[in-house]
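A quick write-up on the structure given underneath.
The values are calculated or read from the model by the stated rules, or taken from the named source; none is laboratory data. These figures come from a predicted structure and were not determined experimentally. Cβ placement follows ideal geometry from the backbone for every residue including glycine, while neighbour counts extend to all protein chains displayed.
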Amino acid sequence: MDRLSCLTVCGAILAIMLNCASAQNVHVVGDGLGWDIPPNTVSYANWASGRTFVIGDILVFNFMTNQHDVLQVPQASYAACTQDNAIGNLITTGPANITLDSAGDHHYICTVGRHCLAGQRLAITVSSTPGAANPPMTTPPTTPTTPSPTSTQPDACAPTDPSGVGGPTAAMGPAGGPAQLNSASITSLATTLLLSILSLGIALVF
């Protein structure tokens, strides 16, 4: 009877550890900045750089309702800051929680005014399983349509330069917050603890 009880306890501990190992990671977009007009056009690229995003993880967009919104779009619309071929519905009520349900590149923008052109957009790469950290996102450069060395148009508002995210600055910037434990790390820790507990259980039984 004592042996059965010991094995039952070990099984319960195993189930708890496996559940913790598969738990979702919650990513607060921008950390303290939230989902807002950033101080520069690479703020969200820097935040995403070095992070790991896996199917099942949750993105939290913290913003004030009626001041900002969030919309998932394809890469072309992300680069041009347009709503063309939007993926899903426009979310206008903040804060918004979005569960990552597919692997690949995901792009999000704010559609209010010229917020996207000012840098309020996010591009991440989602993996199907825990692995390498999210690489710095880059957008292929485009040829300016109105090159003029004497132009007085502010660079931050120029619609012909959609590459405000990524590039060397994004790669060299800070990771945007403390590193998070990914599922692989949790799984390794759980396995180590489980082996120790099972060894102790076997010793007690026999």
Just wondering, is there one or more residues in the range 125-136 that are modelled with pLDDT of 95 or more, assigned to a loop (DSSP other than H, G, I, E, B) and aliphatic (A, V, I, L, M)? no
Determine which member of the set I91, I87 is hydrophobic (A, V, I, L, M, F, W, C), surrounded by 14 or more Cβ atoms within 10 Å (Cβ to Cβ) and either closer than 14 Å to Q120 by Cα or assigned by TED's automatic domain parsing to the domain that holds H115 (or both). I91
Among the residues listed as A15, A23, the single one being modelled with pLDDT under 95 and in a loop (DSSP other than H, G, I, E, B): A23
List every residue pair whose Cβ atoms lie under 6 Å apart, where the two residues are 6 or more positions apart in sequence or sit on different chains, the first residue falls within the range 80-94 and is under 13 Å from T111 (Cβ atoms), and the second residue, located anywhere, is β-branched (V, I, T) and outside any strand (DSSP E or B). Q83/T111
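Go through the range 54-65 and give me each residue that's surrounded by fewer than 20 Cβ atoms within 10 Å (Cβ to Cβ) and part of a strand (DSSP E or B). It would help to see each step written out before you state the result.
Residues of the range 54-65 that are surrounded by fewer than 20 Cβ atoms within 10 Å (Cβ to Cβ), as a first pass: 54-56, 58, 60, 62, 64-65.
V54, I58, V60, T65, listed by residue number.
Here is a check on your reading of the model: is N85 at pLDDT 95 or above and not in a helix (DSSP H, G or I)?
On the way: at pLDDT 95 or above: yes; not in a helix (DSSP H, G or I): yes.
It is true that N85 is at pLDDT 95 or above and not in a helix (DSSP H, G or I).
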